[in-house]
1. Any idea which residue in region B:101-127 is farthest from the chain's Cα centre (by Cα), counting only those that are of a type in the set (Val, Ile, Thr) and away from chain A (no Cβ under 11 Å)?
2. Pick from region A:32-43 the residues that are over 27 Å from residue A:115 (Cα atoms) and in contact (Cβ under 8 Å) with a residue 40 or more places away in the chain: which of them is surrounded by the most Cβ atoms within 10 Å (Cβ to Cβ)?
3. Being over 19 Å from the mean Cα position of the chain (by Cα), within 14 Å of another protein chain (Cβ to nearest Cβ) and not in a helix (DSSP H, G or I) is the filter here, so list the residues in region A:186-207 that pass it.
4. Tell me which residues, restricted to region B:66-109, are free of Cβ contacts under 8 Å to residues at least 24 places away in the same chain and on the phi > 0 side of the Ramachandran plot.
5. Check whether at least one residue in region A:361-372 is under 22 Å from residue A:317 (Cβ atoms), among the polar types (S, T, N, Q) and either under 16 Å from the mean Cα position of the chain (by Cα) or at pLDDT 95 or above (or both), and report yes or no.
6. Hey, does region A:213-230 have a residue that's over 22 Å from the mean Cα position of the chain (by Cα) and either surrounded by 24 or more Cβ atoms within 10 Å (Cβ to Cβ) or β-branched (Val, Ile, Thr) (or both)?
7. Considering region A:44-71 alone, what residues qualify as being surrounded by 14 or more Cβ atoms within 10 Å (Cβ to Cβ) and in a loop (DSSP other than H, G, I, E, B)?
8. Please count how many residues of region A:334-357 are farther than 20 Å from residue A:434 by Cβ and in a loop (DSSP other than H, G, I, E, B).
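The values are calculated or read from the model by the stated rules, or taken from the named source; none is laboratory data. What you see is a predicted model, and the numbers here were worked out from it, not measured in a lab. Every residue, glycine among them, receives a Cβ derived from its backbone with ideal geometry; neighbour counts consider all protein chains shown.
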Amino acid sequence: MPNLLDFMERATTGPILSEDDFNMKHLIPNVRKIVREFEIHYTPENPVPSDDAFADRLFEAAIEFIVRTGVYCDDTNRVIQFEREEIVQAVANLPGGATFGEGRECRFFSPRKPEDGNQPWYHVGTGIVASSEDIALAQVEGYGSIPRANSISIPALKSIKGMDVIGGSPLEIHAAVSAVQAGRKALTRSGRPGLPILNLISTATTALGTIAGTHPNFGLRPSDGWLIDFLAEMKVNFETLNRLAFIQITGGNIGSTALPILGGYAGGAPGTALVMMAYYLLGITLFQGSYHLTGPVHFRHGCSTTRDILWVFSVVGRAASRNTRYPAIALGYAAAGPATQMYFYEAAAANLCFVPSGYAGVQTVHPAKAVIDDGVSPLEAQFCVEVAHAVTGMSAERANALVNQLLEKYEKEIDKTPAGKRYQECYDPKTGKPGDDYLRLFNEMKAELAGMGIPFA
Amino acid sequence: MNKEQILENLATAIVDGDDDMALESARAALDAQLDPLDAVDQGLSKGMDIIGEQFQSGEVFLPELLMAASAFKAAMEILKPEIELQKKEIAKQGTVLIGTVKGDLHSIGKNIVGTVLETKGFDVVDIGIDNGALDIIQEAKKVQADVIALSCLMTTTMPAQKEVIETLEEMNLRDKYFVIVGGGPVTPEWANEIGADGYGESAIQAAELVKELMDNK
């Protein structure tokens, strides 16, 4: 099986062409042709399809797509090419999960199958929402206090000692280190110091920041997880590959990640599903990851709870979990913010797609498109865990009916959603407890969703 | 083929993103001695308007926009020399310099906005990713930009948008350009806080914003 140095050789000797030519002559035509050849059709009335033959076809289509298209390396202007057999072999050689955490928090993250009765891995928190230095600690401590949480994401810091972080500067180094130190400290305060952090390093924009924050003095361990992302779409650069080289050499868990854009180069829902499935396979083959983190984002709405995106989540989850043993975490973005009725509808719909479709893990659906500073609290994480737990073992058919009901409640409002509240507006930062109003809304929403048929414990 | 049919074919070539048809129709326009500016305004631009509307309504996506832009360029290779020969000028909508700020390597959002602006008739100069404040400003001067559009995807690179505006102020150039900001984590509040001239949540909104700014210039 080729390793990173083999792929580097391809990145320096593969076909040379401009990025525009890669997009216009390879990426876009191949997406369109393969969607047609493999009959990948979007079914809006079924946001949670249960068609296994379709799922397997999507998986095969993704292999063919990678073989025909390759991955573009921005720094060499060359295409890294793949052979079908090496993708198939890499999938066959997967270890079938990975171990994370320390001590009593040490767990094996296993793949699941569609409609699996085994609980998913509960990954809580957000790494994209920026947090103030003081709030970040309280948020992470709150995540650690969620009993079913298996791993957490720590927030990104946008400033350090009052100064805005500048990527690639000493400010990034300090912020990256501070964020991981704060994360570990908060988990210790929550009584769960062994809980793994799976979004390293949230504050680093460069490989330098990743390497700095990973220094053993700052509390990270190989049993945590480092996210390494593809560039949209089907591209990498030396920053990406530098991170990859470093984490491979130091023996950490690599989390391949990609958030394909629906409406971007892949086009609509069928093309986005194809590209999203391809990223799984590239995570296995090119990144040789321990886990995958994935979720498409709508180009216009900036969220991932629209009907077409939910369909993409569902078909890719089914295709990947039926055909690989690569554990993947589904990450969704809600349009509405914390402490709003709509957030709960969106988060419930997303988890109803994730769990029955076979995702091994589910992450807290990020509120308010993850654009509001401090715009997230532990109660959203608690809610997502409870929904995911409740719908474990549910059939895709039943989930499909429930998602359709939920979409009726919010899909027309997707462009005029409430921003919701910031942490300090819906939580008491001193006690780390939710405010009475928010707690009341949380309980009311659970009761309403239970009435619809979500069997909360 | 009469004039109406040729203009319709030009528009169809754009909507279908068909380079060959665009070239053929542009040649037909000149053979039929159509005013080349009419071929642009009533043929190609009409097609661009249609594809822009389809993009806005979610019927088509970035690939169709890029293919339309490619067909437009193909037809212009035939029509532009004739326009220049006749000493005519295509009405200028304005020049937009677009790029991703320092430290940010994500390009797709910027590319979508740039393509939508092209379909609306703006001259777009794309300076790519990871651009320092001074580089952006020097490039804006060089291309005589009307608008500087700054993109970023990461919360940690948002401050680099502010740095561009602050550097423009320090160089006493702030009033020379409209500066608009966008990208995943950017909000209207952020745009306001850093003194940008506007913010577009989507590519469509960004294009509308640029048009509004240029109309009121």
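1. We begin by selecting, within region B:101-127, every residue of a type in the set (Val, Ile, Thr); these are B:101, B:108, B:112-113, B:115-116, B:119, B:124-125, B:127.
Subset that is away from chain A (no Cβ under 11 Å): B:119, B:124-125, B:127.
Numbers: B:119: 6, B:124: 5, B:125: 8, B:127: 13 Å.
Once the filter is applied, the top-ranked residue is B:127.
2. Of region A:32-43, the ones over 27 Å from residue A:115 (Cα atoms) are A:32-34, A:36-37.
When the remaining residues are screened for being in contact (Cβ under 8 Å) with a residue 40 or more places away in the chain, the result is A:32, A:34.
Numbers: A:32: 18, A:34: 21.
Restricting to residues being over 27 Å from residue A:115 (Cα atoms) and in contact (Cβ under 8 Å) with a residue 40 or more places away in the chain, the top hit is A:34.
3. Initial filter on region A:186-207 (over 19 Å from the mean Cα position of the chain (by Cα)): A:186-194, A:206-207.
Then keep just the ones that are within 14 Å of another protein chain (Cβ to nearest Cβ); that gives A:206-207.
Hit for region A:186-207 is A:206, nothing else.
4. Within region B:66-109, B:87 is the sole residue that qualifies.
5. Yes: one or more hits.
6. Going through region A:213-230, the residues over 22 Å from the mean Cα position of the chain (by Cα) turn out to be A:215-219.
The next check asks that each one be either surrounded by 24 or more Cβ atoms within 10 Å (Cβ to Cβ) or β-branched (Val, Ile, Thr) (or both); those that pass are none.
Within region A:213-230, not a single residue is over 22 Å from the mean Cα position of the chain (by Cα) and either surrounded by 24 or more Cβ atoms within 10 Å (Cβ to Cβ) or β-branched (Val, Ile, Thr) (or both).
7. Step one: of region A:44-71, the residues surrounded by 14 or more Cβ atoms within 10 Å (Cβ to Cβ) are A:46-51, A:54-71.
Of everything in region A:44-71, those that are surrounded by 14 or more Cβ atoms within 10 Å (Cβ to Cβ) and in a loop (DSSP other than H, G, I, E, B) turn out to be A:46, A:47, A:48, A:49, A:50, A:51, A:70.
8. 4
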